[in-house]
Amino acid sequence: MSSWTQASAADTQAVTLRFQARVADQPFRCDQYYGLGTPASQVAPLDFRFYVSDVALIDANGNTVPLTLEQDGRWQYRTIALLDFEDKSGGCANGTVEMNDRIIGTIPAGDYIGLQFTLGVPFELNHADATLAASPLNLTSLWWNWQFGYKFARIDFSNQHQMGFVPIHSPSPDSSTSEHGDENNIGFAIHLGSTGCEMTDGSLSPTSCSNPNRATVTLSEFDPTTSVVVADLAALVANTDLSINQPNTAPGCMSQPNDRDCVGIMSALGIPFDGTTAVRQTFFRVE
């Protein structure tokens, strides 16, 4: 090893950021019903996955220092990581057996007291063909199409009262109804992604999206050696009625600005929605 390489290695430190899926104070499981939303509905999870990008730690001076992600060929690619809490058991048949609850990388040596990341896929990687993409961007179940790109988060529920389901091949966010035609027999899907993505003639991908719907999450009092980032489903849907669906809209929340089923969810994610100002997110917390 050269002296330059030795010095560079000495100036960096390995970091493993741990995430945990919760439902309030309960662990997340695919095979369990939970009372969620307002008013509370008995729902069972069908999926729980999301992409994060541009991960950085924050030092005592408030500087954000980017984490260089390990390129593992599976869960991390360039600046993107996929967190996957479903295990294909129970109702989560649309997912994968493999799970991932951590982000691994290196960072300049130092003392860090905070964490920052983006919930979502960067624009330059968002509008591509998932069937040709590198892992973890090669999951077609987390992709709409060229125009809208990836589902930054996919969190689906079936409703016990309705005995419903969410279609595996969910409609793109511009679809006004479920492809199965019976909104009352469908659970609640949360598919976060960009909307208002206009295509130009002859182009396979848009040049911009009027609603990027990416959330920048900043967490203080975070120690990368001991802290855990909790993603809390109960907090995400605390102000959402999971038993109903706005007429003539896709089931649940597909990120369209005219869908009132998204109001509470976007607020919990800290994303401005339908003319409202973003508030502090409540989906993620540090423990």
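Read-outs throughout are calculated quantities, based only on the coordinates presented, and are distinct from any laboratory measurement. Predicted model, so just to flag it, every value in this text is computed and none were measured. Here the Cβ is made from the backbone with ideal geometry for all residues, glycine too, and neighbour counts use every protein chain on show.
Partnerless cysteines in the chain, where a partner means another cysteine C-beta under 4.7 angstrom, do not occur. Say a paramagnetic label sat at a point 7 Å from the Cα of residue 96, along Cα to Cβ; which residues of the range 49-70 have their backbone N under 17 Å from it? Taking a point 7 Å out along Cα→Cβ of residue 96, the residues of the range 49-70 whose backbone N falls under 17 Å are 49-53, 70.
Working value for the range 14-286: equivalent-ellipsoid semi-axes of 28, 22, 18 Å, each the square root of 5 times a Cα gyration tensor eigenvalue, largest first. Computed over the Cα atoms of the range 227-267, the ratio of the radius of gyration to the Kirkwood radius (Rg/Rh) comes to 1.06.
Give me the percent relative contact order of the chain, please, defined on Cα pairs under 8 angstrom at least 6 residues apart.
21 percent
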